[in-house]
Amino acid sequence: MKYISYLLILFFLLTNIVLASQNIEVNNKVISFNNIENYNLQSFTIADDRIIIVLVNYDNNAGIIKEYSLKNYKEIRSINIDSVGHANGITYNKNNKRLYILHADGDDTIYIYDSNTLEYIDKVRVNLPIRSIAYVEEEDNYLVRTYIMGYKLDNNFKLVSKMPFISNLVSNYDVARQDWTYYKGKLYYANWSWKRLGGDGANIIYVYNIKGKLLDTLFTKDNLGELEDIDFYDNKMVLGFNGYDDKVNFYLEDLVEINDIVIEDKEEIKEEIKDENNKQFYIYLLVIPTILFIFILTLFMIRKRKKAK
């Protein structure tokens, strides 16, 4: 049986190699506003040349959506909305110009808003307790996260497969798991190390590829506040914090080079996804039959020994 254990360990290592970790210098603050009493930043997304920000009341009975220009960093408008729960995640669909806000907190509700008017449109239930959401333009689908699993939903929010594309999301007891965002073939998953649970206040971004392989781990300084979300604009990273200075702060920083090819063209991304599918298929084709062979051989040898006795 020990051979089976060795092969399982090898299979895990082949499909879950972490290549590096990097520190992000976060200095270029572009948007900052004072905390609104009883409200916290929970998530944001980039919609064309605007940043759409969701603030949630402590008791989740109400919310605020703020809209800022990313050309001059000025506030465009701020509107009060009904409760959208914890609003742990939001994503923007460029094809239909709609915003999708998660209720989160173990709920399965997604609230749909018009990105141009910020008016409520509808809500949809997905039969999964989702906590993060990202739209993938190249495939016209959504990547969502439950507690430690990642699933793909089609453009009607139906499961593409009952099997998760990520089944082993990094999970520590002392981190707050935030939203994630898809960008150029990669998935960026924000976390914050809870001080009150023994963490040091550092912010961590786990970077996965489209097949769920962990590529890199990014860190920020521990004095910036709670990282709530990450998105991308003009080939730069946008990082949003509930700052320790009693302000909500957004930073625009250079894109960190990940230990994988940064792809610019949408067709190249599609080919990269196809290549990754093929790589995973060949790994499974090699490893799974080997495991089954060793398992059957072990059973045969155990039975042979019993007969010999």
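Summary of values
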{"item": "Ordering of 202-213, 60-71 by packing [mean C-beta count within 10 Å, highest first]", "result": "202-213, 60-71"}
{"item": "Residues Ser78 and Asn223, FRET efficiency given R0 of 41 Å [Cβ-Cβ distance, rounded to 0.05]", "result": "0.90"}
{"item": "Distance violations [Cα-Cα > 28 Å] among Lys66/Lys211; Lys71/Lys213; Lys71/Lys123; Lys29/Lys152; Lys71/Lys97", "result": "Lys66/Lys211; Lys71/Lys213; Lys71/Lys123; Lys29/Lys152"}
{"item": "Inter-probe distance in nm under a simple model that places probes 7 Å from Cα toward Cβ, at Asn116 and Ser69", "result": "1.8"}
{"item": "Karplus 3J(HN,Hα) series, Hz, for region 137-149 with 6.51 cos²θ - 1.76 cosθ + 1.60 (x for Gly, Pro)", "result": "5, 5, 10, 6, 9, 10, 9, 10, 10, 8, 4, 9, 10"}
{"item": "Other-chain or far-sequence residues with amide H under 5 Å of Val30's (modelled H)", "result": "Phe250, Tyr251, Leu252"}
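Every number in this text was worked out from the coordinates using simple rules, so none of it is lab data. In this text, all values refer to a predicted model and were calculated from it rather than measured experimentally. Heads up, the Cβs are rebuilt from the backbone with ideal geometry, glycines too, and the neighbour counts pull from every protein chain shown.
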